[in-house]
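Novice: Here you go, one structure.
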Amino acid sequence: MTDTTGKINLLGLTQAKLEAFFEELGEKRFRAGQVMKWIHHFGVDNFDDMTNVGKALRDKLKACAEIRGPEVVSEDISKDGTRKWVVRVASGSCVETVYIPQNGRGTLCVSSQAGCALDCSFCSTGKQGFNSDLTAAEIIGQVWIANKSFGTVPAKVDRAITNVVMMGMGEPLLNFDNVVDAMTLMMDDLGYGISKRKVTLSTSGVVPMIEKLGQVTDVALALSLHAPNDELRNQLVPLNKKYPLSVLLPACNAYIAGLGEKRFLTIEYTLLKDVNDQPEHARQMIELLRETPCKINLIPFNPFPYSGYERPSNNAIRRFQDLLHNAGYNVTVRTTRGEDIDAACGQLVGQVMDRTRRSERYIAVRQLADEQAGVTVPTNRR
Ligand code: SF4
């Protein structure tokens, strides 16, 4: 929790941890609630602005603590309202946060790691390798920065951010504790007050951590599936060799079983021409997901140099979607947005995340926002 300044960063502390912090200082626990409101509701990072905190305590806090989000390298706003921040974290790497407004909702896509160790074959973020885990302050700091930029704080009537998806850079379940703390703050009324149904964690399938997640939270879950059988998934998502579908799907089913009647798993499936887009793959998927209440997001691949993959034809995409749809699945295919700011920042973030991968995330994030807007029991529930 301390950094190079030797001070504790209060930004990433959950209510329980902040209460413990004040107790250690010899102060009352209720101070945590006061300070959290200043930080998260009002976007304050200066203790002297906390007018209901006495001067003696403010001085005490200044001596041992700070409120510090990641450094904002750039903020861009698209014609269609999409916003994108590039922020620098303590390791020196940059990560990206994307906001997508649509139909009265605002979905924020948040990163959990700089780089990624999992090396999915179609993802250039993975090819860059792993750089660092983000701290809880760096994760919630992305929400804090976005929230402040809308200027709606402290009037929490028209919230700009209604949904959060942990779908930015990195595998969130490999940075478990920090991600859980940050999600706790997203849902806390003293934090951002976002419904647990509207906070989604997206994973490529770290099975033990899915089980552990179910023990500590009940946020929505998305699975980056990308292949309907082990042989193919081993190639596309190497983590599958460790946690094959025979253990992954039961872990996901067990997780969503704990979410109540109307909950479901979101399936993300990047369509790669002649690799995983054939009718046989759709049929395998229909069988694979038979026992899983789910909604399926199809994400046509956006080619990038040396990826070795191509985007399927529109006919192939439609054929794949129709097969799933006719089997009773709720399935969507979307196109990207925010292209103008994508282009504007492509070079800068090229070091940490290429445009293609970002575009895929925009698509997936928007689909998730659609689903969270109307939470219904999927038609494939049996
Ligand atoms: S797709 Fe996700 S899990 Fe796989 S390498 Fe890319 S960022 Fe990591």
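The values are calculated or read from the model by the stated rules, or taken from the named source; none is laboratory data. This is a predicted model, so every value here is computed, not measured. When we count neighbours, we look across all protein chains shown, and the Cβ atoms used for this are built from the backbone with ideal geometry, even at glycine. The protein model used for the area step is the full one, side chains on, heavy atoms only, and it has no ligands, DNA or RNA in it. Shrake-Rupley method; radii C 1.70, N 1.55, O 1.52, S 1.80 Å.
Novice: Where the accessible area of segment 50-145 is counted over protein heavy atoms with a 1.4 Å probe, how much of it, in %, is carbon and sulfur?
Specialist: 51
Novice: Shifting gears a bit: Grab the other residues whose beta carbon is less than 14 angstrom from that of Gly214, score K and R as +1, D and E as -1, and report the net.
Specialist: Once positives and negatives cancel, what remains is +1.
Novice: Report the full-extension gain for the segment Thr5 to Asn103: residue separation times 0.36 nm, less the Cα-Cα distance, to one decimal in nm.
Specialist: Full extension from Thr5 to Asn103 adds 31.0 nm.
Novice: Continuing with the same structure: Can you give the net charge of the other residues whose Cβ lies under 9 Å from the Cβ of Pro101, counting K and R as +1 and D and E as -1?
Specialist: +1
Novice: Further question on the same structure: Pairs Lys196/Lys273; Lys84/Lys242; Lys17/Lys84; Lys37/Lys198: which exceed 28 Å Cα-Cα?
Specialist: Those over the limit are Lys196/Lys273; Lys84/Lys242; Lys17/Lys84.
Novice: Sticking with the crude label model, points 7 Å out along Cα→Cβ, report the distance from Glu27 to Asp274 in nm, one decimal please.
Specialist: Roughly 6.4 nm, to one decimal.
Novice: Might you tell me the accessible area per residue for segment 69-217, computed with a 1.4 Å probe and given in Å²? It would help to have the intermediate numbers written out before the result.
Specialist: Values: 4900 Å² over 149 residues.
On a per-residue basis, segment 69-217 sits at 33 Å².
Novice: Additional query: From the C-alpha gyration tensor of segment 229-276, pull out the three semi-axes of the equivalent ellipsoid (sqrt of 5λ each), sorted largest to smallest, in whole Å.
Specialist: 24, 14, 6
Novice: To the nearest 0.05, how large is the calculated FRET efficiency for Asp322 and Glu291 if R₀ is 22 Å and r is the Cβ-Cβ distance? It would help to have the intermediate numbers written out before the result.
Specialist: On the way: r = 22 Å, r/R0 = 1.02.
E between Asp322 and Glu291, to the nearest 0.05, is 0.50.
Novice: Hey, another quick one. Express in nm, to one decimal, how much length is gained between Arg311 and Arg58 on full extension, taking 0.36 nm for each residue of separation and deducting their alpha carbon distance.
Specialist: Values: separation 253, 0.36 × 253 = 91.08 nm, distance 5.64 nm.
Here the segment from Arg311 to Arg58 would lengthen by 85.4 nm.
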